[in-house]
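Structure first, then comments.
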Amino acid sequence: MKRSIIDLWVGIFVAIGLASVTFLALKVANLTPQGDNNSYTLIAEFDNIGGLKVKAPVKSSGVVVGRVSNIELDTQRYVARATLTLNDQYHFSRDTSAEILTAGLLGEQYVGLVQGGEEENLKPGDRVQLTSSALVLEQLIGKFMTSFAEGNNKAAAADAAAAETAP
Amino acid sequence: MMLDNLLAPLRHLGHSSINAIWKLGMMSRFLLAILAHSGQSLLRFQLTIREVYFAGVLSLIIIVVSGLFVGMVLGLQGYNTLSRFGSADALGALVALSLLRELGPVLAALLFASRSGSAMTAEIGLMKATEQLEAMSVMAVDPVARVVAPRFWAGVISMPILAALFNVMGIFGGYLVGVVMIGLDEGTFWSQMQNNVDLHSDVINGLIKSLFFGIAVTLIAVFEGFDATPTAAGVSSATTRTVVTSALVILALDFVLTAFMF
Amino acid sequence: MQNDSFIEFKHVSFGYGDRLILQDISLKIGRGQLVAIMGGSGSGKTTLLRLISGQIRAQQGQVLVDGRDVGRMNQRELYQHRRRMGMLFQFGALFTDLPVFDNVAFPIREHTSLSPAMVRDLVLMKLHAVGLRGTESLMPAELSGGMSRRIALARAIALDPQIMLYDEPFTGLDPISLATIALLIKKLSDALGTSAVMVTHDVHKSLEIVDYVYFIAGGKIAAAGTPDEVRASDSPWVHQFIHGEADGPVHFAYPAQQSLAGSFGLEGA
């Protein structure tokens, strides 16, 4: 085997390796530039974040505008503080509301931003004022059960009243 | 006599344990010797390039074909399972994550051990059996520096490249089945993948795994070759040992690395 | 002649575990001499060569080469020592993955930084010396046994060694190749002035070319002398060896513990 042929093949081999890693980084892992230049952060506090995870998308009208970059517990007030890193090209008004939504019944959770009506926009590092927590299925069922039971009680009371009034 | 029969399995166990520990120690010393004598294989890089050709380039075909098929199977099976839960959209994420985190590094390393590791063992073992290593050392050329170290580095360089290629081919296979054959939405396929795959914890950690596998497999291969009994039977059993030991070490190491990384 | 010894063994013993292979060997090899070491298979001849090349170390006694004890050299000194030494292995031990040219060029490239043109000239010279110029691009697998032995010889002399060690250079060769190798060994020893040790059990060819012979049996020197002295020797052992007789002081049968009848279970029957 000629040395030059070996060199050529090894060169091709290494190039394939580099191309593969590049493909994995860009196309598969979606190495979106999260650099400081093209993004800014907002803070959103929730009573309950449910299953929200770091790296979850932040969407507005279904369009991905950023990602959740950090989640921590505020130990003073005991609320969850999520840091949203948003793309520089999207800005939101001061009365924007943030809610935690679920894609489909069993899908991943993401943060939805709904644009408000104010003229002034949120500045980097600002806190989103209006938030609504994640829908936690157990709580939902709990509420439903309570109201169902209350409804029954009312119906029973009405029945009893009707029976009394009736001679 | 009776007692002897009863004690025989215990004695056997003791013997194999001592052997295993002895071998582990020898292998560590061998690794140190390789590292100490690596100067030449890095300075005269042509030696290593030649071995990259034999260990890496010649494994391309098997890696490409296996990667493609593994990805296609993942696509089919993943689709069947996911569609039961109504989340067939997540197929891209499933294929990419299973390949990047586990199947790519592990399967590529197993293929590499049986394709290139066994070849290395056989080659070095035959060089020993035909006195070539001895001739080299009598010519005042250290066989560890001239024969073993270049092969070791070639293996360490080739393994992550092959694993990355395996991943790419696997994802392409999953794409063929999921998007082209089954007809999932192409955009969903890629965006699900991109939303769930993290560069550091999935892609880079997978490649770090394959780097460890490369070190382990190549070390086993060159050690078994160097340690082979210099006969035809000795070389053949050393080759078998390379494949078996490598497979076990890859899977055990995979568990340890996974526990540490993820 | 014996006073100016280049290689000297002083009461050397060597063994693996309890099994002694060489016991209290003392011998001298003069500068520029070609010495044969003869003995039956398994008598420790090759061990003797390995002691000189430093592949193994004597357990007792000293192996002096040019006044220095090989057994006490560290790795670096040992490699320095081996650079002045060439060794022809029993089956040549050519590098099977390299063509003839690269095989012969191997020690030159490893130990010198000569230009490719110089390397080429040297290799062609060495190949010419063994009469195989024109085989440069052949692979070792394409060579006959005699040819590969000659290529191996060319590789061994590539750096003009001061000491040559030949391990069974005549084994497995046809008479013509054997004569060629013998002629080459003699010619190279005379031309280069190397001190050479040849381990062999080919009696007649060796006696024609060597200056001195040591016979080894049972790990000891059984006899020694110039070829003429050996031929005239009245030692029954030397007589048996030189004339290749099956029985004599060295017995045909291995000293078995049991009698033949015992082995077949016929004893007392």
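A few remarks follow.
- Test for C:ALA154: is it small (Gly, Ala, Ser), outside any helix (DSSP H, G or I) and touching a residue at least 12 places away in the same chain (Cβ under 8 Å): no
- Scanning the range C:249-266 for residues that are modelled with pLDDT under 75, loosely packed, with under 14 Cβ neighbours inside 10 Å and not in a helix (DSSP H, G or I) returns C:HIS251, C:PHE252, C:ALA253, C:TYR254, C:PRO255, C:ALA256, C:GLN257, C:GLN258, C:SER259, C:GLY265, C:LEU266.
- Contact map, the range B:187-204: residues that are more than 9 Å from chain A (Cβ to nearest Cβ) paired with residues that are surrounded by fewer than 17 Cβ atoms within 10 Å (Cβ to Cβ), Cβ distance under 9 Å, separation 6+ or inter-chain. Pairs shown: B:SER201/B:MET261; B:SER201/B:PHE262.
- Restricting C:ASP18, C:ASP102, C:ASP66 to those that are in contact with a Lys or Arg (Cβ under 9 Å, 6 or more places away or on another chain) and over 18 Å from B:ASP142 (Cα atoms) reduces the list to C:ASP66.
- Scan the range B:213-231 for residues that are crowded, with 20+ Cβ neighbours inside 10 Å and either within 23 Å of A:SER20 (Cβ to Cβ) or within 14 Å of chain A (Cβ to nearest Cβ) (or both) and the total you get is 5.
- Meets criteria (surrounded by fewer than 14 Cβ atoms within 10 Å (Cβ to Cβ) and either under 14 Å from B:PRO150 (Cα atoms) or in contact with a strand residue (DSSP E or B) (Cβ under 6 Å, 6 or more places away or on another chain) (or both)) for B:GLN40: no
- Residues satisfying the stated conditions in the range C:121-138, i.e. touching a residue at least 12 places away in the same chain (Cβ under 8 Å) and of a type outside the set (A, V, I, L, M, F, W, C): C:LYS126, C:GLY131, C:THR135, C:GLU136, C:SER137
- The C-beta contact set for the range B:139-165 (first residue within 29 Å of C:ASP160 (Cβ to Cβ), second residue of a type in the set (Phe, Trp, Tyr), distance under 6 angstrom, 6+ apart or interchain) comprises B:ALA140/C:TYR79.
- Looking across the range C:10-42, not a single residue is touching a Gly at 6+ places or on another chain (Cβ under 7 Å), within 25 Å of C:ALA182 (Cβ to Cβ) and surrounded by 22 or more Cβ atoms within 10 Å (Cβ to Cβ).
- Selection from the range A:124-146 of residues that are polar (S, T, N, Q) and surrounded by 13 or more Cβ atoms within 10 Å (Cβ to Cβ): A:GLN129, A:THR131, A:SER132, A:SER133, A:GLN139
- Selected residue (only one of B:MET127, B:MET159 is away from chain A (no Cβ under 13 Å) and either in contact with a His (Cβ under 8 Å, 6 or more places away or on another chain) or crowded, with 21+ Cβ neighbours inside 10 Å (or both)): B:MET127
Results for (1) surrounded by fewer than 22 Cβ atoms within 10 Å (Cβ to Cβ); (2) more than 25 Å from C:GLY39 (Cβ to Cβ); (3) basic (Lys, Arg); (4) touching a Lys or Arg at 6+ places or on another chain (Cβ under 6 Å), shown as yes or no for each residue.
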residue: C:GLY134; (1), (2), (3), (4): yes, yes, no, no
residue: C:LEU138; (1), (2), (3), (4): yes, yes, no, no
residue: C:GLY145; (1), (2), (3), (4): yes, no, no, no
residue: C:ARG150; (1), (2), (3), (4): no, yes, yes, no
residue: C:ASP160; (1), (2), (3), (4): yes, yes, no, no
residue: C:MET164; (1), (2), (3), (4): no, no, no, no
residue: C:PRO169; (1), (2), (3), (4): no, no, no, no
residue: C:ASP174; (1), (2), (3), (4): yes, no, no, no
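- Among (1) surrounded by fewer than 24 Cβ atoms within 10 Å (Cβ to Cβ); (2) at the interface with chain A (Cβ under 10 Å from one of its Cβ atoms), the one test that B:ASP142 misses: (2)
- Of the strands (runs of 3 or more DSSP E) lying entirely inside the range A:1-99, those carrying at least 2 residues that are surrounded by fewer than 13 Cβ atoms within 10 Å (Cβ to Cβ) and away from every other protein chain (no Cβ under 14 Å) are A:63-74.
- Residue check, C:PHE95 within 13 Å of chain B (Cβ to nearest Cβ), crowded, with 16+ Cβ neighbours inside 10 Å, modelled with pLDDT of 90 or more and part of a loop (DSSP other than H, G, I, E, B): yes
- Residue within the range B:113-123 that is surrounded by 24 or more Cβ atoms within 10 Å (Cβ to Cβ), closer than 30 Å to C:LEU153 by Cα, out of contact with any His (no Cβ under 7 Å at 6 or more places or on another chain) and away from chain A (no Cβ under 14 Å) present: yes
- Hits in the range C:73-85 (condition: modelled with pLDDT of 85 or more, part of a helix (DSSP H, G or I) and facing another protein chain (nearest Cβ under 9 Å)): C:LEU78, C:TYR79, C:GLN80, C:HIS81, C:ARG82, C:ARG83
- Residue tally, condition in a loop (DSSP other than H, G, I, E, B) and either within 12 Å of chain B (Cβ to nearest Cβ) or polar (S, T, N, Q) (or both), over the range C:42-72: 5
- Qualifying residues in the range C:102-123 (those that are under 21 Å from B:ARG146 (Cα atoms) and more than 14 Å from chain B (Cβ to nearest Cβ)) - the one surrounded by the fewest Cβ atoms within 10 Å (Cβ to Cβ): C:SER115
- Failed criterion for C:THR226 (all others in (1) surrounded by 15 or more Cβ atoms within 10 Å (Cβ to Cβ); (2) farther than 30 Å from C:VAL119 by Cα; (3) of a type in the set (Ser, Thr, Tyr) hold): (1)
- Contacts under 8 angstrom Cβ, first residue in the range B:241-262 being within 12 Å of B:PHE212 (Cα to Cα), partner surrounded by fewer than 18 Cβ atoms within 10 Å (Cβ to Cβ) and β-branched (Val, Ile, Thr), 6 or more apart: B:LEU257/B:ILE208
- Unique match (being under 20 Å from C:ARG155 (Cβ atoms) and crowded, with 18+ Cβ neighbours inside 10 Å) among C:LEU184, C:LEU192: C:LEU184
- Test: residue in the range B:6-16 that is surrounded by 11 or more Cβ atoms within 10 Å (Cβ to Cβ), among the aliphatic types (A, V, I, L, M) and either within 19 Å of B:GLY225 (Cβ to Cβ) or within 14 Å of another protein chain (Cβ to nearest Cβ) (or both): no
The values are calculated or read from the model by the stated rules, or taken from the named source; none is laboratory data. Everything numeric here is computed off the predicted structure, so don't read it as measured data. Cβ sites come from the backbone with ideal geometry, for glycine too, and all protein chains shown count toward neighbours.
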